[in-house]
Structure formats: structure tokens, C-alpha cells
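> The following block contains the structure, expressed as C-alpha cells.
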Amino acid sequence: MFSETVTAAPIATPHAYAAADLKALAYNTSLLAGRTSAAVMAVVKADGFGHGAVQVATTTLASGATWLGVTTCAEALHLRDNGVTGLHYRTQLDVLIDTARVARRDAAA
């Protein structure tokens, strides 16, 4: 049995880095879409998981995705404002607030 306390020195860790390979994303989306008759949803919430929602959305829609998954209407509006016209699917339950926001925005356009 150990009777002493040992305090470890903090360990420096490198920052995580992820890069989206849009060619690979296009290939994988195309492969998946070609093997099913079901609708294919590309989830692009959180800015495409840090890879750029607009770039990921346009790549996957062009490659066979038929739906785009977002968390909020603000994310959907960001895509629409940047020319992405695919279907958007919401996954969060703040419907009343976001729906009112979309209605006001669309009425002002």
C-alpha cells in the first residue's frame, strides 16, 4: 500500500486538427446514395462539425444527399443566405422562437 501522494505534472498536448477532404466526402456521399433508395441526410450542424457548413452542404447535395440536418433555424438561415437550397431538417425543440424568427425574416425580404 502506497502512503505518499504523487502529483503529476501537467502534460502538454497538441491541439486537435481536422480537415475535410471534400473529394472524399463527395465520393462517400455518392457511394451511400447509390446504394439505397432512401433519402440521404448530410448533417451539417455546428458549421459542418467545424469543416464549413456551406462547403459540406453543397458538396453532399451535389453528390446525392437529399436532406441537410441542422440544429437550429439560424443554421438553416445561414445555409439559405449562402445559396444552399436543399431541404433542411431541424433537430432541436426551440420551434416557436426560431419559427417566429424565420417568419419575420422572410416577411421582411
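> Using amide H atoms built in the peptide plane, which far-off residues or other-chain residues are under 5 Å from Val43 H to H?
Residues meeting the criterion, in which the H sits 1.01 Å from N, are Gly69.
> Can you tell me how much longer the chain between Trp67 and Ala46 gets when fully stretched, taken as 0.36 nm per residue apart minus their C-alpha distance, in nm with one decimal?
Using 0.36 nm per residue and subtracting the Cα-Cα distance, I get 6.0 nm.
> Once you place label points 7 Å from the Cα toward the Cβ at Thr36 and Thr85, how far apart are they in nm?
Taking the simple label geometry, Thr36 and Thr85 are separated by 2.5 nm.
> Across region 78-85, in residue order, what do the Karplus-derived ³J(HN,Hα) couplings come to in whole Hz, using 6.51 cos²θ - 1.76 cosθ + 1.60 with θ = phi - 60° and x for Gly and Pro?
Residue by residue, region 78-85 yields 4, 5, 4, 5, 9, x, 7, 10 Hz.
> Hey, with R₀ at 41 Å, roughly what FRET efficiency would Ala74 and Leu22 work out to, going by the Cβ-Cβ distance, to 0.05?
0.95
Rule-based calculations on the coordinates, nothing more; no lab input. Everything numeric here is computed off the predicted structure, so don't read it as measured data. No Cβ is skipped: glycine too gets one built from the backbone with ideal geometry, and neighbour counts run over all protein chains shown.
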